[in-house]
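Structure first, commentary second.
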Amino acid sequence: MWSKIELVEGSSEDRCIACGSTEVKSTIVEEDMEYGSGESPELIKVSMPVFRCATCGSEYSGPEAEDLRHEAVCRHLGVLSPKEILAIRSQRGLSRQKFSELTRLGVATLARWESGEIIQNPAMDSYLRLVARPEVFQLLESNAVGDSSRSSDSKSGSSSNMLRFPTLASRGEIDTQTRRATCFSLTG
């Protein structure tokens, strides 16, 4: 499924993975990669380097090919690539932990998106695109400053979530019995 695009002059610094020879040249090829499942997966074109050993004839791709495939899938889906997600955080000069605290995204989830382990869903992609906008990020930062002053209520021991997201019951405007009485179901 590869078609040669151009030959990159010179030898690769790497050794052949099959025979250890240094007579390895790289070629940029276009691969038709199948994406999706079912009867008709879609074909996505990916340009990537492929190495060919002049000594043994082996052809192989390196780890960068997998990254290029992942980026092609992200483009196909219309979502940010791992590099673009990392750039949003890096432009702010924030650690993954600090960025996660400000955006309320999980540290592990962010790490998986940035490494290409998983692809974010469209809703999270939209959120990341909003966070990339300076005015939205400033709002998140200003909200975080306000949150730190309300980290807990020493009298009741309630968490900051109770203060940030008050309910009618937590504000004393409705009691638990009334709340339960107003719940209904849509079964018919």
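The values are calculated or read from the model by the stated rules, or taken from the named source; none is laboratory data. Worth saying up front: this structure is predicted, and the values here are computed from it rather than measured. We place every Cβ from the backbone using ideal geometry, glycine too, and count neighbours over all the protein chains shown.
Out of the residues in the stretch 82-104 that are part of a loop (DSSP other than H, G, I, E, B) and without any contact (Cβ under 8 Å) to a residue 24 or more places away in the chain, which is surrounded by the fewest Cβ atoms within 10 Å (Cβ to Cβ)?
First pass over the stretch 82-104, keeping only residues part of a loop (DSSP other than H, G, I, E, B): 92-95, 104.
Still in the list and also without any contact (Cβ under 8 Å) to a residue 24 or more places away in the chain: 93-95, 104.
Working: 93: 8, 94: 16, 95: 11, 104: 10.
Filtering first and then ranking leaves 93.
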Taking the stated definitions as given, is residue 72 closer than 30 Å to residue 132 by Cβ, modelled with pLDDT of 90 or more, among the small types (Gly, Ala, Ser) and not assigned by TED's automatic domain parsing to the domain that holds residue 130?
-> yes
Do we find a residue being surrounded by 18 or more Cβ atoms within 10 Å (Cβ to Cβ), without any contact (Cβ under 8 Å) to a residue 24 or more places away in the chain and outside the structural domain of residue 23 (by TED's automatic domain parsing) anywhere in the stretch 48-61?
-> no
Which pairs do you get when a residue that is part of a helix (DSSP H, G or I), found in the stretch 110-136, comes within reach of a residue that is aromatic (Phe, Trp, Tyr) and modelled with pLDDT of 95 or more, reach meaning Cβ atoms under 7 angstrom, with the pair 6+ apart or on two chains?
-> 110/99
Could you list, in sequence order, the residues of the stretch 50-71 that are part of a helix (DSSP H, G or I) and basic (Lys, Arg)?
-> 69
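Got a sec? Which of 133, 96, 75, 129 is basic (Lys, Arg) and under 28 Å from residue 49 (Cβ atoms)? Spell out how you get there, then give the answer.
Numbers: 133 fails: under 28 Å from residue 49 (Cβ atoms); 96 fails: under 28 Å from residue 49 (Cβ atoms); 129 fails: under 28 Å from residue 49 (Cβ atoms).
Going through 133, 96, 75, 129 in turn, just one is basic (Lys, Arg) and under 28 Å from residue 49 (Cβ atoms): 75.
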